[in-house]
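One structure is given below, encoded as structure tokens.
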């Protein structure tokens, strides 16, 4: 099957490519349509982080490239964007050559081995994080718009009235005068040849200050972990008793939702196996017993965020089936929910099209709210802070 879309702008194209990249995952990510709840809590706890972010270094490399782009005397935002993307492709080789062989997460590694480049560039992957942490000074500016600002400032030498370069590259910050586009982080003159994926001490200090001081992230669990110099192994290992009250509440509600929806995925696999996976069935019954003996409060979870009505109704109905022990109604609910979310791609009750693999169940794990990416970013920053002072 081929999937196409109208290419209105680079930014919209990159958003769609990010979505399509998720479809390549071997394990379905959201068969029951609970992503809005998952993402809402992830945004509260770990703002600016996405699952496709790999290393903290890119949060400084992108500002570095903009600084270099400003030296090229490019006249349009499109030219600036093209130059930055080409520079990102060149950096793959630099990072691979200068980083220890044990270091992972360099975007474009596999593509470089095949003598090609990635479609999703680091600048697109990390742009929201740059805005969230106020590394980019204007909270609503897009990547193409930032490229337009860079070109305009070079071309007009301080003029604040920037004419349109087309709908995608308009500059909404023209009235901001000469306010710097990025928070000050000065690249080494040889970074394009000498950069590694490992943060320097100065870069780590910069990122610590940005994440722990920016308005959208300073009160988050992400900032708290950095301040505490703490990187728990898993989301569930975060020390609840040490968290401030509001943060503790959000964390516990997220954790409770993870435990709750895990049961729905267990039952999903029971149905998908055509009731042949006895281990999954036993796991579901164990989960149900533990939930019924707990003080689980679904209303508290859903009322703490903006939850679509249909998602809230599904959760309510599933919980009602759990309490009543009505497996027939529960299974019918899960089948209908997947069909509503996935349409023709729904797997349940399609044994001739989709085969259950007991070694690879669907979503047989609890939600971690992007903690894998968080752990990588925080680890990089803490290791950089422990490194020797640069120079």
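The values are calculated or read from the model by the stated rules, or taken from the named source; none is laboratory data. All of these numbers come straight from a predicted model, not from anything done at the bench. Cβ: placed from backbone, ideal geometry, glycine included. Neighbour counts: every protein chain shown.
Brief remarks follow.
- Close contacts from the range 130-141, counting a first residue that is within 11 Å of residue 181 (Cα to Cα) and a second that is in a helix (DSSP H, G or I), with Cβ to Cβ under 6 Å and a gap of 6+ residues or different chains, come to 135/210; 136/130; 139/131.
- Test for residue 380: is it at pLDDT 95 or above and assigned by TED's automatic domain parsing to the domain that holds residue 40: no
- Single condition residue 101 does not satisfy, out of (1) part of a loop (DSSP other than H, G, I, E, B); (2) at pLDDT 95 or above; (3) over 17 Å from residue 86 (Cα atoms): (2)
- Evaluation of residue 199 against the conditions (1) under 22 Å from the mean Cα position of the chain (by Cα); (2) free of Cβ contacts under 8 Å to residues at least 24 places away in the same chain; (3) crowded, with 17+ Cβ neighbours inside 10 Å shows that the sole unmet condition is (2).
- Of the helices (runs of 4 or more DSSP H) contained entirely in the range 288-391, those carrying at least 2 residues that are closer than 27 Å to residue 105 by Cβ and within 29 Å of the chain's Cα centre (by Cα) fall at 371-386.
- Among the residues of the range 209-231, the one identified as surrounded by 20 or more Cβ atoms within 10 Å (Cβ to Cβ) and more than 22 Å from residue 249 (Cα to Cα) is 210.
- Subset tally (residues that are closer than 19 Å to residue 61 by Cβ and either buried (at least 18 other Cβ atoms within 10 Å of the Cβ) or not assigned by TED's automatic domain parsing to the domain that holds residue 147 (or both)) for the range 75-84: 4
- Helices (runs of 4 or more DSSP H) (entirely within the range 2-94) containing at least 1 residues that are at pLDDT below 95: 10-22, 58-69
- Scanning the range 129-151 for residues that are farther than 16 Å from residue 217 by Cα and touching a strand residue (DSSP E or B) at 6+ places or on another chain (Cβ under 7 Å) gives a single hit, 146.
- If you go through the range 73-97 and keep only what is in contact with a helix residue (DSSP H, G or I) (Cβ under 8 Å, 6 or more places away or on another chain) and without any contact (Cβ under 8 Å) to a residue 60 or more places away in the chain, you end up with 83, 85, 88, 92, 93, 96.
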